[in-house]
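What follows is a single structure, written as structure tokens, with notes after it.
Every number in this text was worked out from the coordinates using simple rules, so none of it is lab data. Predicted model only: the values in this text are computed from it and were never measured. As a convention, Cβ positions derive from the backbone with ideal geometry for all residues, glycine included, and neighbour counts pool all protein chains shown.
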Amino acid sequence: MDTKASVKEKLILLMPVLSGIMWGSGGIFVRTFDALGMDNFTMLFSRIIVSVAILGIFLFVYDRSLLRVHPADLWIFLGGGVLGMFGINLTYNEAIKHGTLALASVLLSMSPVFVVSLSALLFHEKMTIQKTLCMAAALFGCVLVSEVLESGASSSVSPLAILCGIGSAFFYALYSIFSKAAAGKGYHALTITFYCLVSSLLLLIPGTDPGCIGRVLREGGIGMPFFMLLHSLVTSALPYIFYTTSISRIDAGIASILAASEPAAAMLFGFLFFRETPSALSVAGLFLTTGAIIALSRSQTKGQIHS
């Protein structure tokens, strides 16, 4: 294999791993802004508008042709932005606010379960024993991570956190489907990411409080503008670009497997920044769910990298 091609292949495979780690860091920003009194819509708006601005300027300078889309394909970008990005971000942020970072991330990683279920329901794909066992193992792993089986822990588990976490997995699955559809029509990863971000931004505008952003910038200290920029880059622009690029070059199942770095990263960040000390059962649940999702995703993929 050509050395340059080998390096390129490794970079493509690294992209979803980096996406998972970046998404896993989202709780750090959400908890910080929540403590400063920023509501969810305003938080998402402040993040996505920066991403849209950065990507828009870059595409205009780099290659204006990437800004062109066919009107007949707008529904794909609307679906990816509204049913994908907007839904993921809104529900995931709420899950982080009301539960541990590890629980929110593990539930988000359940998106392949929805992909398999929807494929069986809508496209009549065969539901094998292996798939069923993997889904059952993943669900049981989530129960362990939630710590509901541990003495005295059940009362501290927020049903809203679990519901929002499950919702984020569902919307994550939809984003993967719409992104793959757009990539199949020949659109560049940057084009897909940009217009999905624009779609979600338009939906956020009516519920955003500009005054809240100004207050947080004033009260957050001299480093707050940089923190907001970092929030946008690390949890929105870069991971979506990396993930969308990867699924345009490799099977979505492989990308999902590699992005399984997110739950472990979220648990580590929760421990380092918020003293969320996981129990032995919680750690076991994380590994069980991650392993089951990897096995489930592997059963869905052909394992080929596209040129």
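For the stretch 178-195, 3J(HN,Hα) computed residue by residue from phi via the Karplus equation (6.51, -1.76, 1.60; θ = phi - 60°) reads 5, 5, 5, 5, 5, 5, x, 8, x, 6, 5, 4, 5, 5, 4, 4, 4, 6 Hz, glycine and proline entered as x.
Between Gly285, Gly37, Gly27, the Gaussian network model of the chain with springs among Cα atoms under 10 angstrom shows the greatest mean-square fluctuation at Gly37. Oblate is the label for the stretch 3-300, because the ratio a/c of its alpha-carbon gyration tensor axes (a ≥ b ≥ c) is 1.5 or higher and a/b is not greater than b/c. Between Ile88, Ile129, Ile177, the residue with the greatest mean-square fluctuation in the GNM of the chain (Cα pairs under 10 Å linked by springs) is Ile129. For the stretch 3-300, a simple Cβ point-charge model (Lys and Arg +1, Asp and Glu -1, everything else neutral) yields a dipole of about 720 debye relative to the Cα centre. With a Förster radius of 35 Å applied to the C-beta separation of Ser65 and Leu118, the computed FRET efficiency comes to 0.55. Projecting label points 7 angstrom from Cα along Cα→Cβ for Leu160 and Ile57 puts them 3.7 nm apart.
Cross-linked pairs Lys8/Lys97; Lys97/Lys126; Lys97/Lys185; Lys131/Lys185; Lys10/Lys97: Cα-Cα separations exceed 32 Å for Lys8/Lys97; Lys97/Lys126; Lys97/Lys185; Lys10/Lys97.
Rounded to the nearest whole Hz, the Karplus-based 3J(HN,Hα) values (6.51 cos²θ - 1.76 cosθ + 1.60, θ = phi - 60°) of the stretch 199-207 follow the sequence 4, 5, 5, 4, 6, 7, 3, x, x, with x at glycine and proline. Arranged from fewest to most other beta-carbon atoms within 10 Å of their beta carbon, Val113, Val143, Val7 become Val7, Val143, Val113. Taking amide H atoms as placed 1.01 Å from N in the peptide plane, the amide H of Ile250 lies under 5 Å from those of His306, each 5 or more residues away in sequence or on another chain.
Within the listed set Leu258, Leu174, Leu229, the Gaussian network model of the chain (springs between alpha-carbon atoms below 10 Å) gives the highest mean-square fluctuation for Leu229. Modelled spin labels at Val283 and Ile205, positioned 7 Å past Cα toward Cβ, are 4.9 nm from each other.
Remark: Glu262, Glu147, Glu9 ranked as Glu9, Glu147, Glu262, counting other beta-carbon atoms within 10 Å and listing the fewest first. By the count of other C-beta atoms within 10 Å, a proxy for reagent exposure, Ile28, Ile241 are ordered fewest to most as Ile241, Ile28. Here is how the number arises for the chain: DSSP H runs of 4 or more residues each give -39500 (n - 2.57), the sum is divided by the residue count, and the result at 222 nm is -23500 deg cm²/dmol. Gain on full extension, evaluated as 0.36 nm per residue between Glu219 and Phe274 minus their Cα-Cα distance, stands at 17.6 nm.
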